[in-house]
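Visitor: Quick one: structure below, then a few questions.
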Amino acid sequence: MPVWDVMRQGDNGDGVRMSSHDSRVGALARVLVMESGVVHKQTYWVVGPPGPAYQTNRDLYLHFLHLGQEARSASWSLSAYLRGLWKVSVPLRGRAELALDDVAAMFSAAAATPPPSYDPAWSTTDLALPGSAPAGYTDWERIILSQLADLEDFVLHPPGPRARFGVNAPRPPGGGTRATPPRWLNFDPAAYLECAVAGGYGGWDAADGARVPLPNPQGTTTRRSTIRAITTMGWPDLARIAVCGQTYE
């Protein structure tokens with residue numbers, strides 16, 4: 001069975017194995033967990049069969065579907081998951097493009113790291129995008145922090161039993177401007193992650209059990225989306241995924 005090792009530089013300059021993983025994405029996720037949250041003098045890298053492991057929207061969809069199922073079993077809140085996602089994104093903020101394996105690893109690492117506490121300043125900060133569309137990491141960060149601020153508002157103003165049909169975030173007076181639309185449909189990590197990829201990039205199949213095919217205007221029923229290759233994603237692509245996670249159904 002292929003194995004990927006997470007390595008760090010030892011005191012004598014040699015590589016020291018930190019952990020072993022049965023997937024490249026799992027090893028990359030472990031690196032992000034170790035690199036996030038604090039400033040490290042250590043250098044970490046992955047040794048094993050070369051990538052990429054993931055190359056299509058279908059690969060990413062199945063990965064997110066599995067992550068959502070795990071998050072549901074662990075009873076994570078969406079706020080905790082997104083705070084973890086924001087934390088583990090920091091080591092990647094200097095990259096303009098991410099390989100699909102790195103995208104999958106970031107979302108895996110979010111569920112494997114203790115999430116930071118909610119910062120009340122996020123509720124009153126101006127998080128509006130400076131341009132007409134997300135452009136880079138900072139804009140993606142504004143979207144995630146906007147979603148966290150909305151979720152915090154929902155704690156004080158619960159959306160009610162019909163929230164799954166769609167509800168606007170309360171956004172009380174005194175709050176800062178936010179980068180996301182006010183409409184919410186998904187309030188748990190499983191729904192958020194499945195809708196994030198299904199809405200942003202497709203890759204789903206009715207046989208997966210998460211999405212019910214419906215008749216389209218032509219009178220036919222689409223039971224699966226088109227599978228297409230993905231080499232890299234930029235932060236605007238990840239911003240699209242985040243907004244779909246909030247608003248897609």
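The values are calculated or read from the model by the stated rules, or taken from the named source; none is laboratory data. Because the structure is predicted, anything quoted here is derived from the model rather than measured. We place every Cβ from the backbone using ideal geometry, glycine too, and count neighbours over all the protein chains shown. The protein model used for the area step is the full one, side chains on, heavy atoms only, and it has no ligands, DNA or RNA in it. Shrake-Rupley method; radii C 1.70, N 1.55, O 1.52, S 1.80 Å.
Visitor: Residues in region 167-188: is at least one part of a helix (DSSP H, G or I) and under 30 Å from Ser73 (Cβ atoms)? Reasoning before the result, please.
Guide: Of all residues in region 167-188, those part of a helix (DSSP H, G or I) come to none.
Checked against the condition, which is being part of a helix (DSSP H, G or I) and under 30 Å from Ser73 (Cβ atoms), region 167-188 yields no hits at all.
Visitor: Within the set of pairs 6+ apart or on separate chains, which have a first residue in region 173-193 that is without any contact (Cβ under 8 Å) to a residue 60 or more places away in the chain and closer than 27 Å to Gly136 by Cβ, a second that is of a type in the set (Gly, Ala, Ser) and not in a loop (DSSP other than H, G, I, E, B), and C-beta atoms under 6 Å apart?
Guide: Taking only residues 6 or more apart or on different chains, the pairs are Gly175/Ser123; Arg178/Ser146; Ala179/Ser146.
Visitor: Let me confirm something: among Gly10, Gly15, Gly48, which residue is on the phi > 0 side of the Ramachandran plot and touching a strand residue (DSSP E or B) at 6+ places or on another chain (Cβ under 6 Å)?
Guide: Gly48
Yes/no per residue for (1) more than 22 Å from Leu185 (Cβ to Cβ); (2) open to solvent by 70 Å² or more (accessible area, probe 1.4 Å); (3) out of contact with any Leu (no Cβ under 9 Å at 6 or more places or on another chain):
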residue	(1), (2), (3)
Ser36	yes, no, yes
Arg95	yes, yes, yes
Pro120	yes, yes, yes
Arg142	no, no, no
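Visitor: Residues to consider are Ala169, Ala196, Ala163, Ala179; find the one that is open to solvent by less than 20 Å² (accessible area, probe 1.4 Å) and closer than 23 Å to Thr124 by Cβ. Explain how you work it out, then say what you get.
Guide: Values: Ala196 fails: closer than 23 Å to Thr124 by Cβ; Ala163 fails: closer than 23 Å to Thr124 by Cβ; Ala179 fails: open to solvent by less than 20 Å² (accessible area, probe 1.4 Å).
Going through Ala169, Ala196, Ala163, Ala179 in turn, just one is open to solvent by less than 20 Å² (accessible area, probe 1.4 Å) and closer than 23 Å to Thr124 by Cβ: Ala169.
Visitor: Would you mention how many residues in region 214-244 are open to solvent by less than 100 Å² (accessible area, probe 1.4 Å), part of a loop (DSSP other than H, G, I, E, B) and more than 26 Å from Pro181 (Cβ to Cβ)?
Guide: Within region 214-244, residues that are open to solvent by less than 100 Å² (accessible area, probe 1.4 Å), part of a loop (DSSP other than H, G, I, E, B) and more than 26 Å from Pro181 (Cβ to Cβ) number 2.
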